[in-house]
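The values are calculated or read from the model by the stated rules, or taken from the named source; none is laboratory data. Not measured: the values here are computed from a predicted model. Virtual Cβ from ideal backbone geometry, glycine too; neighbours counted across all protein chains shown.
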Amino acid sequence: MLQFDEVHVISDLHLGGEKGFQIFGSTAELVAFIDHLATAEAKKDIALVINGDFVDFLAESPAAYFDPAHAEDKLTRVMADDAFAPIFKGLQKFLRAKQRTLVVNLGNHDLELALPWVREHLIRSLCGGDMAARGRLRVLVDGTGVLCRVGGAKVLQCRHADGDSSHERGEATLSIRRSAEARGRRRRAHASRPRSVRHHEIKGRRGRRWPARLGRRAHGHGISRRRTGRAGG
């Protein structure tokens, strides 16, 4: 079992799409966060977990539910996009730092990372020929999630909830199919939470929302992968 002194979990970055159709808009903040982890206490074993939907292949053209034929080209375009390139450079720096581990967990919008040649393209882009850096990168594609021990005592398991094909929704997700009564119950439950654990969100283009604070676990949106290529998870 993996063991770390600290584990930092982010998810649902949805890096992808042409300008004007990009969900993620906090590149500077994310790069600063990654740089902080890379240069933090050198003696600690620190892991960064990207818990699903790292790259949004559905946001890329041609839109397809699963696109083995164009997946590598789509990944290349996303990594070269001016909006996202600093993030990948930051991850390269993170992987060159000793006692750092990057874990990429599969989500429902980046299923193409399960393809060996696409996964190798990502690894090669982030690590090059640095075998030490390759040893610090783990791309998990079996759906079992990340299981690790934190601080020698606590066990943490992370799985991307949107990958559950039986209902395509995450824990505490507001489904667009729920009744008005169910939505009211959830709003009341959310309002009763202590302020320290509330999830603050920013409303973005087309009514999409994403977490305002990096490092907090995001609620999913309960919308399954669509053939139209729109990002919904």
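Being in a loop (DSSP other than H, G, I, E, B) and among the hydrophobic types (A, V, I, L, M, F, W, C) is the filter; apply it to region 47-64 and report the residue that is nearest to the chain's Cα centre (by Cα).
Just the residues of region 47-64 that are in a loop (DSSP other than H, G, I, E, B), to begin with: 52-54, 56, 60-64.
Filter once more, keeping what is among the hydrophobic types (A, V, I, L, M, F, W, C): 54, 63-64.
Values: Phe54: 4, Ala63: 20, Ala64: 20 Å.
That would be Phe54.
Listed here are the residues, each with its yes/no results for (1) at pLDDT below 95; (2) out of contact with any strand residue (DSSP E or B) (no Cβ under 8 Å at 6 or more places or on another chain).
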| site | (1), (2) |
| --- | --- |
| Gln92 | no, yes |
| Gly107 | yes, no |
| Val150 | yes, no |
| Ser166 | yes, yes |
| Leu174 | yes, yes |
| Glu181 | yes, yes |
| Gly184 | yes, yes |
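Which of the following residues is within 19 Å of Val146 (Cα to Cα), in contact (Cβ under 8 Å) with a residue 12 or more places away in the chain and either of a type in the set (Phe, Trp, Tyr) or surrounded by 22 or more Cβ atoms within 10 Å (Cβ to Cβ) (or both): Val55, Val9? Can you show your working first?
On the way: Val9 fails: either of a type in the set (Phe, Trp, Tyr) or surrounded by 22 or more Cβ atoms within 10 Å (Cβ to Cβ) (or both).
Going through Val55, Val9 in turn, just one is within 19 Å of Val146 (Cα to Cα), in contact (Cβ under 8 Å) with a residue 12 or more places away in the chain and either of a type in the set (Phe, Trp, Tyr) or surrounded by 22 or more Cβ atoms within 10 Å (Cβ to Cβ) (or both): Val55.
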- [ ] Go through (1) within 25 Å of Thr39 (Cβ to Cβ); (2) touching a residue at least 40 places away in the same chain (Cβ under 8 Å) one by one and return the number of the condition Leu147 breaks.
- [x] (1)
Open item on the list: Regarding region 12-34, can at least one residue be identified that is surrounded by fewer than 19 Cβ atoms within 10 Å (Cβ to Cβ) and part of a strand (DSSP E or B)?
Closed with: no
Task: Subset of region 65-116 that is in a helix (DSSP H, G or I) and aromatic (Phe, Trp, Tyr) - its residue that is nearest to the chain's Cα centre (by Cα) - done: Phe88
